[in-house]
Amino acid sequence: MSRIAFIGLGNMGGPMAANLLKAGHTLHVFDLSADAVAQAVTHGATAANTAIDAVQDAEVVISMLPASRHVEGLYLGDAGLLRHIAEGALVIDCSTIAPASAQKVARAAGERGLAMIDAPVSGGTAGAAAGTLTFIVGGEGDALERARPLLASMGKNIFHVGANGAGQVAKLCNNMALGVIMAVTGEAIALGAAHGLDPTVLSQMMAVSTARSWATEVCNPWPGVLENAPASRGYTGGFGNDLMLKDLGLAAEAAMGVGASIPLGELARNLYAMNSQAGNGGLDFSSVVKLVAKTP
Ligand code: NAD
């Protein structure tokens, strides 16, 4: 069993931390939100007053923060955690961030003799709660082997895709496809509904036909189709529109870096930007359907 510092207990980090506690690990946790910390404490975690307090004596440090600036802010600089993490500890960042940021932080960790992997996840909040996430890992194989038992307590698939930063590139490829698929699935259901079709029957048909996807089967964008989908609880508690917007911006940057063309990814980035400007930035990204339909 490991002594773990867990930083970032939001929609994803909260349930991931709960699964590590369930597996018997000791967790010191920190989040800027006192409510998020209190929730983790109910699962058996010990609250730390600061991130630096959380990492004292930790054998493993796990972070699950929104974006590159939060991760760089947490680890780097004079007040950064890399100066406080015990020698020999393993650092696992599960946030989805720019590949260049992941490489920068991993390099700084390496200079301090700390092994670090990027291990962004796929599977959504339902996967985080069920412990069925997919981990997409960039970094040294040895560091991944040390992390593997912990990742296995939070997920069921682990892919080693390359060196530091590669996990982020692969994650961005996945999310770019997801962003496009969600937007077009919403459009398709809205089209059917405008013709008087029952969105539930339409979705059930699509879920066993060639338009089958996570958007039709698990996170259906139409309210009432799937009881547990964010759409059926006012688009709350899932994967925020602005997080998808961030990922599509990172995909666009990654594409520019190698001269790749991503016409649909760019179009999708604009759709999620429009949805954000419409005031839906904090809602689940499936709320992008609101751009094309008045949902019930
Ligand atoms: P969230 O906004 O729900 O949670 C982020 C948490 O980090 C918040 O509780 C916030 O208070 C905390 N935080 C921010 N800065 C901090 C700091 N400096 N110190 C301590 N705590 C800090 O976000 P989320 O949905 O949990 O997503 C986290 C990451 O996982 C993002 O990079 C996102 O892109 C990725 N992701 C999310 C999903 C999803 O379905 N929500 C799925 C896969 C990947």
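Quick note: the coordinates plus some simple rules give every number you see, no bench work behind them. On a predicted model such as this, the values are computed, not experimentally measured, just so you know. Every residue, glycine among them, receives a Cβ derived from its backbone with ideal geometry; neighbour counts consider all protein chains shown.
Looking only at residues that are away from the ligand (no atom under 14 Å from the Cβ) and part of a helix (DSSP H, G or I) in segment 234-253, which one is farthest from Val292 (Cα to Cα)? Step by step, filter segment 234-253, then rank; the result is Glu253. Taken over segment 206-262, residues that are of a type in the set (A, V, I, L, M) and surrounded by fewer than 15 Cβ atoms within 10 Å (Cβ to Cβ) amount to 4.
When the residues of segment 57-74 are filtered to those that are part of a strand (DSSP E or B) and β-branched (Val, Ile, Thr), the one that is farthest from the chain's Cα centre (by Cα) is Val60. Against the list (1) over 20 Å from the mean Cα position of the chain (by Cα); (2) in a helix (DSSP H, G or I), the condition Ala177 fails is (1).
Taking segment 1-51 on its own, how many of its residues are among the small types (Gly, Ala, Ser) and closer than 21 Å to Ala86 by Cα? Break it down into steps so the answer makes sense when it comes.
The initial filter retains those residues of segment 1-51 that are among the small types (Gly, Ala, Ser), namely 2, 5, 8, 10, 13-14, 17-18, 23-24, 33-34, 36, 38, 40, 44-45, 47-48, 51.
So of that shortlist, the ones also closer than 21 Å to Ala86 by Cα come out as 2, 5, 8, 17, 45, 47-48, 51.
Residues in segment 1-51 being among the small types (Gly, Ala, Ser) and closer than 21 Å to Ala86 by Cα: 8 in total.
One residue stands out among those in segment 1-35 that are assigned to a strand (DSSP E or B) and near the ligand (Cβ under 9 Å from one of its atoms): the one that is farthest from the chain's Cα centre (by Cα), which is Phe30.
With respect to (1) under 30 Å from Trp222 (Cβ atoms); (2) in contact (Cβ under 8 Å) with a residue 24 or more places away in the chain, the lone exception for Ala166 is condition (1).
Could you look through segment 155-174, keep only residues that are part of a helix (DSSP H, G or I) and touching a strand residue (DSSP E or B) at 6+ places or on another chain (Cβ under 6 Å), and pick out the one that is farthest from Asn241 (Cα to Cα)? Selected residue: Ala166. Scanning segment 133-142 turns up no residue that is in a loop (DSSP other than H, G, I, E, B), without any contact (Cβ under 8 Å) to a residue 40 or more places away in the chain and more than 30 Å from Lys104 (Cα to Cα).
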